[in-house]
Amino acid sequence: NDALVISGLTKRYANGFEALKGIDFRVQQGDFFALLGPNGAGKSTTIGIISSLVTKSAGTVTVFGHDLDTDLSQAKQHLGVVPQEFNFNQFEKPIDILVTQAGYYGIPRALARERAEYYLKKLGIWDKRAVQSRLLSGGMKRRLMIARALIHKPKLLILDEPTAGVDIELRRSMWQFLREINANEGVTIILTTHYLEEAEQLCRHIAIIDKGRLVQNTSMKQLLGQL
Ligand code: ADP
Ligand code: ADP
């Protein structure tokens, strides 16, 4: 049972640069999966394609059996993405950002408010629910984006460098939150990182990407055994 299947994925940007040179991997349902690689390896490009913000040049992406090319709206129901850049309306309040997002998925307002409250509390930003989100710290904005990605209860959560620029204490509490939703809510998680310790702390499976190619794809246990 696969949460995500990527095959032959290629990306050539408009300037001719080939950021992905044909990558293949699959992520099992329930897994906690790291896509590790140095800056420029192609991690954000991969996530951009999965979240249909970046067009692919070739290959296929399937989310819980739904091909993005033929079945995009079904795939999107199952998918929550936390991009690297803050892309919410900075003049909106966190609570409104979450309720608006829930509306895109047809979630009734009362349920949306209930879920928003749950995730804002879980993530420690409930106190900030009614201030303009531009006034939140970077770490708070990051957590708001995680809450937004979870509001429709996706079965697959993908995070692009979720703890970049976050201090160690907050990083640990974000790690704990992600472990909990993986273990207790059964959410399959994929995160990108350029930081082996993060992958080691969290992930059961690791794929390593470099210059647009997958150079390693193995269980964390096996990788650590080799080092
Ligand atoms: P797509 O092929 O997905 O439509 P584009 O290749 O059109 O994307 O990229 C959009 C613009 O962003 C281009 O003008 C591109 O040069 C620019 N750009 C953004 N990031 C980079 C980067 N890291 N290196 C080079 N150009 C970039
Ligand atoms: P990572 O997330 O692993 O740091 P990216 O996927 O952001 O890597 O980038 C992969 C490569 O593609 C980099 O060399 C980057 O400069 C290049 N790139 C990213 N966006 C564009 C763009 N719009 N146009 C041209 N090149 C790009």
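The values are calculated or read from the model by the stated rules, or taken from the named source; none is laboratory data. Please read these numbers as outputs of a predicted model, since none were measured by experiment. As a convention, Cβ positions derive from the backbone with ideal geometry for all residues, glycine included, and neighbour counts pool all protein chains shown.
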Please indicate, with yes or no, whether at least one residue in the stretch 61-71 is within 16 Å of ligand 1 (Cβ to nearest atom) and over 18 Å from the mean Cα position of the chain (by Cα).
yes
Matching entry among L157, L223, L178 (being outside any loop (DSSP other than H, G, I, E, B) and touching a Phe, Trp or Tyr at 6+ places or on another chain (Cβ under 9 Å)):
L178
Say whether the condition of being within 15 Å of the chain's Cα centre (by Cα) and either farther than 18 Å from V99 by Cβ or of a type in the set (G, A, S) (or both) is met by at least one residue in the stretch 122-143.
yes
Of the conditions (1) within 23 Å of E85 (Cβ to Cβ); (2) modelled with pLDDT under 95; (3) among the hydrophobic types (A, V, I, L, M, F, W, C); (4) away from ligand 2 (no atom under 16 Å from the Cβ), A164 clears all except one; give me its number.
(4)
Go through (1) more than 16 Å from ligand 1 (Cβ to nearest atom); (2) assigned to a loop (DSSP other than H, G, I, E, B); (3) small (G, A, S); (4) surrounded by 21 or more Cβ atoms within 10 Å (Cβ to Cβ) one by one and return the number of the condition A3 breaks.
(2)
Under 7 Å between Cβ atoms, at least 6 apart or on separate chains: pull out the pairs that start in the stretch 42-66 with a residue that is outside any helix (DSSP H, G or I) and end on any residue that is modelled with pLDDT of 95 or more and hydroxyl-bearing (S, T, Y).
V54/T45; K56/T10; S57/T10; A58/T10; G59/S7; G59/T10; T60/S7
Scanning the stretch 53-79 for residues that are away from ligand 2 (no atom under 13 Å from the Cβ) and more than 17 Å from K155 (Cβ to Cβ), which turns out surrounded by the fewest Cβ atoms within 10 Å (Cβ to Cβ)?
T70
What's the number of the only condition in (1) in contact with a Ser or Thr (Cβ under 6 Å, 6 or more places away or on another chain); (2) on the phi < 0 side of the Ramachandran plot that G59 fails to meet?
(2)
So I208, is it among the aliphatic types (A, V, I, L, M), within 16 Å of ligand 2 (Cβ to nearest atom), surrounded by fewer than 20 Cβ atoms within 10 Å (Cβ to Cβ) and in contact (Cβ under 8 Å) with a residue 12 or more places away in the chain
yes
Does at least one position in the stretch 64-79 carry a residue that is farther than 18 Å from I47 by Cβ and in contact with a strand residue (DSSP E or B) (Cβ under 7 Å, 6 or more places away or on another chain)?
yes
Mind checking which residues of the stretch 196-215 are of a type in the set (G, A, S) and in a helix (DSSP H, G or I)?
A199
Residue pairs meeting the criteria (Cβ under 7 Å; at least 6 apart or on separate chains; first among the charged types (D, E, K, R), in the stretch 158-173; second part of a loop (DSSP other than H, G, I, E, B))
D160/P83; D160/Q84; E161/Q84; R171/T163
